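Values in this text are rule-based calculations from the coordinates and carry no lab data. Small disclaimer: the values here were computed from a predicted structure and weren't measured. Ideal geometry is used to build each Cβ from the backbone, glycine not excepted, and the neighbour counts take in all protein chains shown.
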Amino acid sequence: MVINSIKVQQEDFDFAAEVDILEANNITDGAVVTFVGRVRNQNDGCQVEHLFLEHYPGMTEHCLEDISKQARQRWQLGNISIIHRYGQLALGEKIVFVGVTSKHRQDAFMAAEFIMDYLKVSAPFWKKELTEQGERWVEAKTNDKKEADKW
């Protein structure tokens, strides 16, 4: 049974448990690629105190399902798991998890990168940082857009 898990949640996730789910009873895939994004203490030269993420319920899940389908059309993949958190997150907390399995490593690496590039520039999440200079909304960086454009 192929897993296609999309979760948008406030609560933290257990990285090891998520990897276990991707690998459980999976004897066909030789590659497991994961990515975890965390809240940094600095962005664009400012000290960050915490991060707040908003999203559009319903639309967000639909968009993440769509990117998962696109990844499956481009590469031969087994399991896909995407978790994205929202709400107020402290420094060091996990924001996002992307996990992909495939028979061969190149497909898994490419798909995981493709999914993350999409999340950075196109997913309906809005990020606001509390910095030493006050609150500010975070926009996708030019480099993030360039990376996404390569697909």
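Here are a few things to note about the model shown:
- Only DSSP H runs of four or more residues enter the estimate; each adds -39500 (n - 2.57), and after division by the residues of the chain the mean residue ellipticity at 222 nm equals -10500 deg cm²/dmol.
- Total formal charge among the other residues, if their Cβ is under 12 angstrom from that of residue 124, Lys/Arg +1 and Asp/Glu -1: -2
- Subtracting the Cα-Cα distance of residue 11 and residue 25 from 0.36 nm times their residue separation leaves 2.4 nm of extension gain.
- Against the chain, whose longest principal axis comes from its Cα atoms, helix 59-74 is set at around 40 degrees.
- Applied to the range 117-123, the Karplus parametrisation 6.51 cos²θ - 1.76 cosθ + 1.60 on θ = phi - 60° returns per-residue 3J(HN,Hα) values of 4, 4, 4, 5, 10, 10, 6 Hz, with x for Gly and Pro.
- Most mobile of 45, 99, 58 in a GNM of the chain (Cα contacts under 10 Å): 45
- If the segment from residue 62 to residue 44 were pulled out straight at 0.36 nm per residue, it would be longer than the present Cα-Cα gap by 3.4 nm.
- Per-pair calculated FRET efficiency, R0 = 25 Å: residue 69 and residue 91 via Cβ, rounded to 0.05: 0.15
- Karplus (6.51, -1.76, 1.60) ³J(HN,Hα), θ = phi - 60°, over the range 46-57, in Hz, Gly and Pro reported as x: 10, 6, 9, 9, 6, 10, 10, 10, 10, 8, 9, x
- Nitroxide proxy distance, nm - points 7 Å out along Cα→Cβ at residue 4 and residue 34: 2.3
- Our coupling estimate for the range 93-105, obtained by passing each phi through the Karplus curve with A = 6.51, B = -1.76, C = 1.60 and θ = phi - 60°, is 6, 6, 9, 9, 10, 10, x, 9, 10, 7, 5, 10, 4 Hz, Gly and Pro reported as x.
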